[in-house]
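Read the structure below first, then the notes.
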Amino acid sequence: LLADAYAALYKATWNQAWQSVGYHALAEIDCLRHDWTTALDHLDRSLRVNTDNLRARNLRALVLHKLGRAD
């Protein structure tokens, strides 16, 4: 079920209107899987489209902490 959601969210990122939200949602799933490197990549992509996404910024800070890059 989670794999289906992941695939659907990736398809949503093809549309620029859904890129920020889609990549942020992908990053949340990556975090559930403890895939911090991929989560960081998805968050960076989300923030490239919408720098004002505070939820993505907060999650990015948490992911950086998990990766040992808290500075």
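The mean sequence separation of alpha-carbon pairs under 8 Å and at least six residues apart, normalised by the residue count of the chain, gives a relative contact order of 25 percent.
Hey, could you grab the Kirkwood Rh for the chain? Inverse mean 1/r over distinct alpha carbon pairs, Å, one decimal. Every distinct Cα pair counted, the radius reaches 11.9 Å. Loop-located trypsin sites (Lys or Arg not before Pro) across the chain with a Cβ neighbour count of 12 or fewer within 10 Å are Arg33, Arg69, with loop assigned by DSSP.
The Cβ shell under 13 Å around Leu47 holds other residues with a net charge of +2, Lys and Arg each +1, Asp and Glu each -1.
Coordinate-derived values only; no laboratory data. Everything numeric here is computed off the predicted structure, so don't read it as measured data. In this analysis, Cβ positions are derived from the backbone assuming ideal geometry, glycine residues included, and neighbour counts consider all displayed protein chains.
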